[in-house]
Amino acid sequence: MKVLVPIKRVVDYNVKVRVKADNSGVELANVKMAMNPFCEIAVEEAVRLKEKGVVTEIVAVTIGSKAAQEQLRTAMALGADRSILIETEEDAQPLAIAKALKAIVEKEQPQLVILGKQAIDGDNSQTGQMLAALTGMGQGTFASEVVVDGDKVKVTREVDGGFQTVELKLPAVITTDLRLNEPRYASLPNIMKAKKKPLDTVSAADLGVDFAPRTKTLKVEAPAARSAGIKVASVEELVSKLKNEAKVI
Amino acid sequence: MSTTLDYFNDTHQMLRDSVRRFVERDILPHIDDWEEAGSFPRELYKKAAEAGISGIGYPEQYGGSGEDVFMKIVASEELMRSTSGGLVASLGSVDIGLPPVVKWGSEELKARVVPQVLSGDKIACLAITEPGGGSDVANLRTRAVKDGDHYIVNGSKTFITSGVRADYYTVAVRTGEPGFGGVSLLLIEKGMPGFTVGRTLKKTGWWASDTAELFFEDCRVPATNLIGPENGGFFCIMTNFQAERLMLCVMANMTSQIALEECLRYVKEREAFGRRLAQFQVTRHKLAEMATQLEASREFTYRVAAKMAAGQNCIKEVSMAKNFATTVSDRVTYDAVQIFGGSGFMRGTVVERLYRDNRILAIGGGTYEIMNEVIAKQMGL
């Protein structure tokens, strides 16, 4: 069985991001970039399925500039067998990404597409769902457990107040939640091996996808600085302040 | 980091990212507790092995990932970001205890010992220093007398990093005449009759590391555990020191680097007399000097590493680099605490730990004074 794992290059989660002076977005110049953490979980899940003998080939794919090759190399160091860069300089939005991925799905015919539930930059949580809708595949989102059984896959989903288990017919789209697994580290021998694995590049234009943005960012602002708190002497005072000053109860 | 591009390629960079992740996820959340507890879980050796860190610098046939000096440097630099010299020294005890086995041990010994250590199941360490003296290796007193197919070992060792928890001890013993020509290396194993480990020693720094005294009383060690030729141990010890000293250079430079980074962050936040510390010329110039010294030291270390990687004899240069790096880290950690003021004296501040952990770097692996003796000798004095 073949698995497609779409991944995204984002600002490293340890970087304290700064808003650009003109409020047009977040400063990306000279900022450390990394694979989106949820995507790492997606790669890890695919690798575990391969180790269990369920999966035979893992293909990582990403959309972005040449620089995104770094994250594909990382995916291959973690265990993906080959990868595809859909090259574009445009800032692709979820719908365009889903359409581009659909083109790759049609070409590669994977039985499973495993991807992060969201990227930590845009926090959109849309690509997986849109891809499922566009391709007609079933979707199991926010997965905390994935069990493949023949031509079906059981996905346990984290929902408000508990877990929901859905059964999907393959091929299917799965988006990964935080607790699905704990990703491994890329070891030196695997980093070396990854250098020899194939990395193909296709131009986004060649896929015939309309990359024109559907939404426009008006303004990006840093969260307001938190003002200092106060100490209250008693529960009565706290309730009174919540009622009369904060007016939240 | 742009200044180091000559020595590191994109594979080094990927490894750096990977080890940094390991430190961020598996070490940093716990390091303050481990420091206070004076130890870290033994399973970290296993985790480091699984993350592919332990095998760096060792031959592939024994479970390593090949010998590349700069890969080792990358891994050590990133492990130092744990901010705990003790943790790095404990994990690193393997890198001073195991290489003699890899280089000079018998095939049987290598096949039995090395894979188990590189997989994180067993811990290796090096035992040279004795209660009677550390620097004077040629005159060590622990005796090993041949008795059939065994050695009978009597004596003691002290200040042994990982001494409490180790399974394999690469021990310098006297097998022959007085002086350097009578020294050998023996692999002594935990549980061998007559071998006991003393108390865990309490130290100024390196708290997360277990340091111990070792006692040998008629300890019977199979002769097959001899590492290298009998009475040829002095050469092995001195060769092994080169790699250890290079790693101590890296530790000293990273100590300076982290201290500097901590200061740069702090001076932008902390205010005094209505201004940020970063706006005082006295602070700015202090930081500029710290950065300059560190830059020179790091470049020197990398240069020596490059020469060592090319197979050149660098006994003099690595000794110089160690003394230079530790002089810089002495200065930088002192200044860092000064910049932090009272909080720099408080436990829980990174610079406070760096200041304590730094002190050993000009002592261990050859003291500052011994380094100067080595350098002087190499200059024909």
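Please find, within the stretch B:258-286, the residue that is nearest to the chain's Cα centre (by Cα) out of those that are surrounded by 18 or more Cβ atoms within 10 Å (Cβ to Cβ) and of a type in the set (Val, Ile, Thr). So that I can check it myself, show each step before the final result.
Taking the stretch B:258-286 and keeping what is surrounded by 18 or more Cβ atoms within 10 Å (Cβ to Cβ), we get B:258-260, B:262-263, B:266-267, B:277, B:283, B:286.
So of that shortlist, the ones also of a type in the set (Val, Ile, Thr) come out as B:258, B:267, B:283.
Details: B:ILE258: 17, B:VAL267: 31, B:THR283: 32 Å.
Restricting to residues being surrounded by 18 or more Cβ atoms within 10 Å (Cβ to Cβ) and of a type in the set (Val, Ile, Thr), the top hit is B:ILE258.
Against the list (1) within 14 Å of chain B (Cβ to nearest Cβ); (2) under 30 Å from A:ARG18 (Cβ atoms); (3) touching a helix residue (DSSP H, G or I) at 6+ places or on another chain (Cβ under 8 Å); (4) modelled with pLDDT under 95, the condition A:ALA225 fails is (3). A:LEU178: open to solvent by 20 Å² or more (accessible area, probe 1.4 Å), within 14 Å of chain B (Cβ to nearest Cβ) and closer than 18 Å to A:VAL10 by Cα, yes or no? Judged against the criteria, A:LEU178 is a match. Of all residues in the stretch A:52-80, those that are of a type outside the set (A, V, I, L, M, F, W, C), closer than 13 Å to A:VAL3 by Cα and open to solvent by less than 40 Å² (accessible area, probe 1.4 Å) total 1. Looking only at the stretch A:120-145, count every residue that is crowded, with 23+ Cβ neighbours inside 10 Å and in contact with a helix residue (DSSP H, G or I) (Cβ under 7 Å, 6 or more places away or on another chain) and tell me the total. Residues in the stretch A:120-145 being crowded, with 23+ Cβ neighbours inside 10 Å and in contact with a helix residue (DSSP H, G or I) (Cβ under 7 Å, 6 or more places away or on another chain): 2 in total.
Elements of the type strands (runs of 3 or more DSSP E) sitting completely within the stretch B:164-249 and holding at least 2 residues that are over 19 Å from B:GLU130 (Cα atoms): these cover B:211-222.
Against the definition (of a type outside the set (S, T, N, Q), modelled with pLDDT under 90 and exposed (fewer than 10 other Cβ atoms within 10 Å of the Cβ)), how does A:ALA204 come out, yes or no? Answer is no for this residue.
Give the residues of the stretch B:350-366 that are farther than 16 Å from B:ASN253 by Cα and at pLDDT 95 or above, sorted by residue number. Write out each step before concluding.
The initial filter retains those residues of the stretch B:350-366 that are farther than 16 Å from B:ASN253 by Cα, namely B:352, B:366.
Hit for the stretch B:350-366 is B:GLU352, nothing else.
Kindly indicate which of A:LYS219, A:LYS196 is within 13 Å of chain B (Cβ to nearest Cβ) and surrounded by fewer than 13 Cβ atoms within 10 Å (Cβ to Cβ). Walk me through how you get there before you give the answer.
On the way: A:LYS219 fails: within 13 Å of chain B (Cβ to nearest Cβ).
A:LYS196 is the lone residue from the list that is within 13 Å of chain B (Cβ to nearest Cβ) and surrounded by fewer than 13 Cβ atoms within 10 Å (Cβ to Cβ).
The C-beta contact set for the stretch B:57-75 (first residue among the acidic types (Asp, Glu), second residue surrounded by 18 or more Cβ atoms within 10 Å (Cβ to Cβ) and part of a loop (DSSP other than H, G, I, E, B), distance under 9 angstrom, 6+ apart or interchain) comprises B:GLU67/B:ILE56; B:GLU67/B:GLY57; B:GLU67/B:TYR58; B:ASP68/B:ILE56; B:ASP68/B:GLY57.
Each row is one residue, and each column tells you yes or no for (1) of a type in the set (A, V, I, L, M, F, W, C); (2) surrounded by fewer than 22 Cβ atoms within 10 Å (Cβ to Cβ); (3) assigned by TED's automatic domain parsing to the domain that holds B:GLU295.
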{"site": "B:SER329", "(1), (2), (3)": "no, no, yes"}
{"site": "B:VAL332", "(1), (2), (3)": "yes, no, yes"}
{"site": "B:GLY341", "(1), (2), (3)": "no, yes, yes"}
{"site": "B:GLY348", "(1), (2), (3)": "no, yes, yes"}
{"site": "B:GLU352", "(1), (2), (3)": "no, yes, yes"}
{"site": "B:ARG356", "(1), (2), (3)": "no, yes, yes"}
{"site": "B:LEU361", "(1), (2), (3)": "yes, no, yes"}
{"site": "B:GLU369", "(1), (2), (3)": "no, yes, yes"}
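Can you name every residue in the stretch A:97-115 that is of a type in the set (Gly, Ala, Ser) and open to solvent by less than 10 Å² (accessible area, probe 1.4 Å)? First the steps, then the outcome.
Looking only at the stretch A:97-115, we keep the residues that are of a type in the set (Gly, Ala, Ser), and these are A:98, A:100, A:103.
If the condition is that a residue be of a type in the set (Gly, Ala, Ser) and open to solvent by less than 10 Å² (accessible area, probe 1.4 Å), then A:ALA98, A:ALA100 are the ones that fit.
Candidates in the stretch B:131-157 are the residues that are touching a Ser or Thr at 6+ places or on another chain (Cβ under 6 Å) and closer than 19 Å to B:ASP218 by Cα; of these, the one that is surrounded by the fewest Cβ atoms within 10 Å (Cβ to Cβ) is B:PRO131. In the stretch B:1-52, the residue that is nearest to the other protein chains (Cβ to nearest Cβ) out of those that are within 14 Å of A:TYR185 (Cα to Cα) and not in a helix (DSSP H, G or I) is B:GLY52. Could we say that B:THR255 is over 29 Å from B:LEU87 (Cβ atoms), open to solvent by less than 20 Å² (accessible area, probe 1.4 Å) and not in a strand (DSSP E or B) here? In short, no.
The values are calculated or read from the model by the stated rules, or taken from the named source; none is laboratory data. Since we're looking at a predicted model, the values are computed, not measured. Reconstructed Cβ throughout: ideal geometry from the backbone, glycine too, with neighbour counts over all protein chains shown. Ligands, DNA and RNA are stripped out before the accessible areas are found, and what is left, the full protein with its side chains, is counted by its heavy atoms. Shrake-Rupley method; radii C 1.70, N 1.55, O 1.52, S 1.80 Å.
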